[in-house]
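Peer 1: Next up is a structure, given as structure tokens.
The values are calculated or read from the model by the stated rules, or taken from the named source; none is laboratory data. Worth saying up front: this structure is predicted, and the values here are computed from it rather than measured. For neighbour counting, all protein chains shown are included, and Cβ atoms are generated from backbone atoms with ideal geometry for every residue, glycine included.
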Amino acid sequence: MVIGTVLHETCGINLSLLALGKVIKGLAANQAYINFRDSKLTRYLEYGLTHGKVCMIGTISPSVENMSETLATVEKASIMAGYKRFVNIERAVEHVMGPAELVKMLRTQLKRAQGI
């Protein structure tokens with residue numbers, strides 16, 4: 001059971017992530033007004049989200065215990081993909097790669113980028 005300071009910090013983190021989700025949805029929908037003042041996190045990120053390039057890195061898990069977090073991450077990533085400042089590096093990975101497969105894929109991408 002979470003009590004005291006840890007509970008207070010957990011609530012603050014959850015409120016900041018909720019505010020960030022609202023901002024992301026507003027940016028992706030190209031809303032005229034977006035409230036960045038709901039949390040310190042969104043205030044800190046305001047300039048970068050509105051003037052820079054945005055890249056979202058989402059970590060997902062095949063575990064059933066993490067299903068709700070995985071679905072939330074995929075939902076946020078799909079919303080973010082519609083945002084005009086979003087940089088699309090790789091949309092999806094078909095399966096979890098081992099180190100050898102990952103090195104091979106990265107070498108292929110590097111060669112393609114270098115025109116070799």
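Peer 1: Cβ-Cβ under 7 Å, sequence separation 6+ or interchain: first residue in segment 4-33 and closer than 19 Å to VAL74 by Cβ, partner among the hydrophobic types (A, V, I, L, M, F, W, C) and assigned to a helix (DSSP H, G or I). Which pairs?
Peer 2: If the second residue must be among the hydrophobic types (A, V, I, L, M, F, W, C) and assigned to a helix (DSSP H, G or I), the pairs left are LEU20/LEU41; VAL23/LEU49; ILE24/ILE79; ILE24/MET80; LYS25/ILE79; LEU27/LEU49; ALA28/ILE79; ALA28/MET80.
Peer 1: Next question. Among (1) aromatic (Phe, Trp, Tyr); (2) assigned to a loop (DSSP other than H, G, I, E, B); (3) surrounded by fewer than 17 Cβ atoms within 10 Å (Cβ to Cβ), where does PHE36 come up short?
Peer 2: Of the numbered conditions (1) aromatic (Phe, Trp, Tyr); (2) assigned to a loop (DSSP other than H, G, I, E, B); (3) surrounded by fewer than 17 Cβ atoms within 10 Å (Cβ to Cβ), the odd one out for PHE36 is (3).
Peer 1: Would you mind telling me which numbered condition in (1) closer than 14 Å to LEU20 by Cβ; (2) part of a loop (DSSP other than H, G, I, E, B) SER61 fails?
Peer 2: Exception for SER61: condition (1).
The rows are residues; the columns are (1) modelled with pLDDT of 85 or more; (2) exposed (fewer than 12 other Cβ atoms within 10 Å of the Cβ); (3) not charged (D, E, K, R).
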residue: LYS22; (1), (2), (3): yes, no, no
residue: THR42; (1), (2), (3): yes, no, yes
residue: THR70; (1), (2), (3): no, no, yes
residue: MET80; (1), (2), (3): no, no, yes
residue: LYS84; (1), (2), (3): no, yes, no
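Peer 1: Inspect all residues belonging to segment 49-64 and state whether any of them is without any contact (Cβ under 8 Å) to a residue 12 or more places away in the chain and either in contact with a Leu (Cβ under 9 Å, 6 or more places away or on another chain) or among the β-branched types (Val, Ile, Thr) (or both).
Peer 2: For segment 49-64, residues without any contact (Cβ under 8 Å) to a residue 12 or more places away in the chain and either in contact with a Leu (Cβ under 9 Å, 6 or more places away or on another chain) or among the β-branched types (Val, Ile, Thr) (or both): present.
Peer 1: When segment 53-68 is examined, which residues are found to be aliphatic (A, V, I, L, M) and either exposed (fewer than 12 other Cβ atoms within 10 Å of the Cβ) or in contact with an Asp or Glu (Cβ under 6 Å, 6 or more places away or on another chain) (or both)?
Peer 2: Residues satisfying the conditions are ILE57, VAL64.
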